[in-house]
Every structure is written in structure tokens, then in C-alpha cells.
Amino acid sequence: MAIPIGSLLFLFAIMLLTGVLATKFSTRLGLPALVLFLLGGMLLNRYFYFDNVELTQLIGIMALIIILFDGGTQTKWDHIRPVIGAASVLATVGVLLTSTLTGLAAVYIFDFSLLEGMLFGAIVGSTDAAAVFSVLGSKNFNKRLTATLEAESGSNDPMAVFLTVALIELIQIPDSSIWVAVGSFFVQMGLGLAFGLLLGKFTVTVINHIKLDTSGLYPVLAMGAAVFTYAFTDTLGGSGLLAVYVMAVFVGNSDLTYRFTIIRFNEGFAWMMQIVMFTLLGFLVFPNELVDVIWQGILLAIILMFIARPVAIFISMLFMKYNNKERLFISWAGLKGAVPIVLATYPVLAGVENSDLIFNAVFFVVLFSALVQGSTLSWLATKLGLTINEEDAATPSLELIHLGTTESEIMRLTLTKKNAAVGVPLSDLELPEHTLIIGITRRKKLLTPTGNSIIKHGDTVFVLSDKEHREEAKKVLLG
């Protein structure tokens, strides 16, 4: 019997409202919001039965695209550039080692075949971008560690997807060649990187030059470009998730029209998709089915958190310039979230033997990881001395606001103590012709600038300028 449309809308409203309230409580409880979203889905499935795995997988992938795009646009290239090598090793070698060690444990604990155990390991082997972005985004952790974890989580999904799909194929077609699969992985990664850069540049060009009737359409254009990037890359055999993340980093670090509007829209949309995705994933979990795997699932989660991930991290980072405290923190920050549960739907849809058991065990690993690691990450960073104060955490930002069809625009810049204009009277700034500072906001107050006004750390300045003088004005203000 079909569910009435009114009931579906009522369910959607409950999901969003409870999700927003859950976020408020999760902050007070020190828990990642995804835990409460998952539990909320499990509670709601007592009243609204839902078991459409295929639809959940589709929504999950859409949500991952949006979350990666949101996280990528807020990632500073200057921060991740020095750690891109370390993040790349963690996203490949680290995931492979974590998956292998966890998979071997699953073979012993669940009496899986070797391939089934490796499949389980592959599903839970990657660090989840949604979980990492949500936990790290609001904390003042060491910038280098934050950048390393964000870059790792944003780029390690292709490895997990590749391993999952390849192992399902090996289970169903034992004669498949592993070397063909390995070659396919490098092709996927190469195409994902290339198309991400190409479509990122194209997106920036379109956004900055197209004149839309309302500013509200620019975020929609940017989001559409992100979804197109995934679909286009995936259709041509590349890694769509990697392409989206690379494209988002390129877009986020370019001079972009209506940057603030786009980022705020992305942030709200990403939260909505997290609520919907995790709640739907919770719908697929039935408490009576979890009883049979509760202790095995918890044991695997403990092995993953305390053995597999740390061993993989310390081996992968053996010759890198990170101390043991930093390695320990990175290993503990290997949060699990949406990606493992979405990947756990792959063997279910493929009809792999023991797929239901794998799905339920993956759920326990994700839940346990989020509860234990997510709630103790800030405490561990403080104990290890890996936090920074708010002033040091501040970074400069820039937004461009075009003034209709004119050749003028307003730059909105937030300055830090490292920028050239900080501490200098406005009358002493050698701004280019036809460039004027028209406003300064400081601690939520708007100041009218005069020649004697001095820009301070954390101030946001509004600069009216011609487009041709933008770069010169930026150089004067930012240094």
C-alpha cells in the first residue's frame, strides 16, 4: 500500500526539525550530530517502514557530492598544499593497510571467507568526509593536522569505492583479473584529478562572467556544476567523488562572485543532506537484527580504532615530518560516517552472500567510532597540546559582489594580523585609482571609515573598486 503524500511530507518535516534540534544537543553533549541522526532514523522506522536500499544509496551519493563540495570550497589551498603528499599517502596506502588489517580481523571474528573479510575491511577503511568536516570545522585544532585530515578524508573515498567494487566483482566472478582492477584504479584517479581541475576552472569562469537576474541563482549554478562534475567524470570512467573535491577546492580558492552567498547556501544545503542521508541510513537498520552482531561489531570497531588505523597511520607516515603525538591524533581522527554505510549497500544490491550481516556490522563500527572517537577528539587534542587559540586560527577571506551591469564591484575581505593593511591608517594605504574603502565591521559593529581609521586584526572591510584594479587593491590590503 502506497504511503500518502501528506505522510511523506510529514516525515520529511520531522526529519529536518529533529535533525536541527539534534545538532543543538550534539554540541552540548560533545557528540557528532550524525550519531543522533542515525538513532533518529532507527526510532522513526518503527512508525514509517522503509527498506528501499537503492533509493537510499542514490540519496547517499547525492549527499556525499554536496558535502564534499561544501567542504572543498571551505578548504584553504595554502593550508593543504604543504600536506598534499602526506594526505595522498594516507588516502591510498593508509586506506589499503587499514582495510587489510580490519578485513583479516573480520575473517576470524565472523568466519567470513577471505574475500568477504576484505570486502568488510574495504567498506570501513576510509575516513569519512562528512564526519571529519563537521567535527574539525568548529574546533581550533593545529592547522597542519586539520588540513591533513580534511585532504585525506576528501580524497580517500575513491580508494574505498574502488576496493569495494573490485572485491564484489572478485566474489561474484572469481576469474576476474586483479591487475585489470589495479590499472582501472589509476585511470579513475587520473581522470578524477584532471576533470576536477578542468571543470573547476570552467565553473569559476562561468560564475564570474555570467550575469544572472538574482544573486540567489549563483549558489544553484555552483551546486549544479558540482553534480555535473560527478556525473560527467563518473560516466567517462573517472572517480566522480575525487573530481568533485578537487573542483570544489579550486572554486573555493579562486576569486569568486558572490562567494559568501554560495558558501552559506552550500553549508545549509550540506546540513540538510546530512540530516536526510543519516536518517534514511538509520531507517535501514532494525534493532532486532543488530542483537546478533552487537559484540562482534563492537570488537571489530575496537580493533579498527586501536590497532588497524593506528598501525596503518604509523607505517604510512614513517618517513614524514610528523611527530608521534601528531600521528596519534591523526590515527584517532579516522572517523567513520556516511561513506561506510553507503558502501555497505553495494553488496546488498549486488546480492553478495552475508551482505546483511556486513551491513549491520558496518553500522556498529560507524556508530561506535562516532560515539567514542568523535566525542573525545577535542579532549585528545588538548591533552596532546595540538590546539591553537582563536586569534591564530583566523584566516583571511574574500568575497566579490558585482554591481549589476557596471564594471565596478565590492570586495568583502576579512583581514588577519599577517595582512599588510592591519595597523595602518587608511590615509597611508596606497590604494589604486577609483578604489575606496566604504565600510569596516568590527565585533558585529559597522564603522564609518575615515582617513584616520586603522584596520585591526579580524576586521572585515568593504572595498569599492573597478574590476581592473582588483588585484592591485588586494595586494595593498593583503600584502
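The values are calculated or read from the model by the stated rules, or taken from the named source; none is laboratory data. Nothing here was measured: the structure is a model prediction, and the numbers come from that model. With ideal geometry, Cβ positions are generated from the backbone for all residues, glycine too; neighbour counts draw on all protein chains shown. Ligands, DNA and RNA are excluded from the accessible area calculation, which covers all protein heavy atoms including side chains. Shrake-Rupley method; radii C 1.70, N 1.55, O 1.52, S 1.80 Å.
Annotations
- Cα-only Debye scattering, the stretch 319-363: base-10 log of I(q)/I(0) at q = 0.23, 0.29 Å⁻¹: -0.73, -0.97
- From phi via Karplus (6.51, -1.76, 1.60), per-residue ³J(HN,Hα) for the stretch 213-227 in Hz, x at Gly/Pro: 5, 9, 5, x, 7, 5, x, 5, 4, 5, 5, x, 5, 5, 5
- FRET efficiency for A181 and M320, using Cβ-Cβ distance with R0 set to 22 Å, rounded to 0.05: 0.20
- Signed unit charges on C-beta, dipole axis of the chain, positive-most listed residue V132, L221, T92: V132
- The residue list I330, L380, F283 was ranked by how far each Cα lies along the charge dipole of the chain toward its positive end, using unit charges on Cβ atoms, and L380 comes out on top.
- With the simple model of a label 7 Å out from the Cα in the direction of the Cβ, A231 to H434 spans 4.0 nm.
- In the chain, the longest principal axis of the Cα atoms and the axis of helix 240-252 are about 20 degrees apart.
- Sorting M62, M223 on solvent-accessible area from highest to lowest, probe radius 1.4 Å, gives M62, M223.
- Volume per residue of the C-alpha convex hull in the stretch 248-317, rounded to whole Å³: 131 Å³
- Dimensions (Å) - the stretch 195-319, Cα atoms, principal axes, largest first: 58, 43, 30
- Taken over the C-alpha atoms, the chain has Rg and Dmax values of 23.7, 77 angstrom.
- Tilt relative to the chain, helix 259-283 - C-alpha long axis, 0 to 90 degrees, to 10: 20 degrees
- Under 18 Å of direct C-alpha separation, and excluding same-chain neighbours fewer than eight residues apart, K418 reaches these lysines: K76, K143, K456, K474, K475.
- Across all Cα pairs in the stretch 124-227, the calculated P(r) in 5 Å bins from zero up to the longest distance comes to 2, 10, 13, 13, 15, 16, 13, 8, 5, 2, 1, 0 percent per bin.
- Computed about its Cα centre, the charge dipole of the stretch 64-208 is approximately 680 debye, with only Lys, Arg, Asp and Glu carrying charge at their Cβ.
- Net +/- balance of residues flanking L241 in space, Cβ distance below 10 Å, scoring K and R +1, D and E -1: -2
- Charged-residue dipole, Cβ positions (Lys, Arg, Asp, Glu), the chain about Cα centre, Debye nearest 20: 1580 debye
- Dividing the helix sum by the residues of the chain, where each DSSP H run of 4 or more adds -39500 (n - 2.57), gives a mean residue ellipticity at 222 nm of -20500 deg cm²/dmol.
- Pairwise alpha-carbon distances in the stretch 262-380 exceed 22 Å for 46% of all pairs.
- Protection proxy ranking of 236-242, 278-284, by the mean of other Cβ atoms within 10 Å over each peptide's residues and highest first, is 278-284, 236-242.
- Local net charge near F278, Cβ-Cβ under 15 Å (Lys/Arg +1, Asp/Glu -1): 0
- Check: the stretch 305-374 dipole with +1 on Lys, Arg Cβ and -1 on Asp, Glu Cβ, in debye: 420 debye
- Over the stretch 55-198, the hull volume per residue, using the convex hull of the C-alpha atoms, is 135 Å³.
- Applying D = kT/(6 pi eta Rh) to the stretch 440-479, where Rh is the Kirkwood radius over alpha-carbon pairs, T corresponds to 20 °C and eta to 1.002 mPa s, the Stokes-Einstein value obtained is 188 µm²/s.
- Distance (nanometres) between label positions extended 7 Å along Cα→Cβ at N452 and S88: 5.5 nm
- Taking 0.36 nm per residue of sequence separation and removing the Cα-Cα distance, the K417/A13 pair yields an extension gain of 141.0 nm.
- Unit charges at the beta carbon, dipole of the chain: most positive-side option, F10, S176, G423: G423
- Protein accessible area in the chain, 1.4 Å probe - carbon and sulfur %: 65 percent
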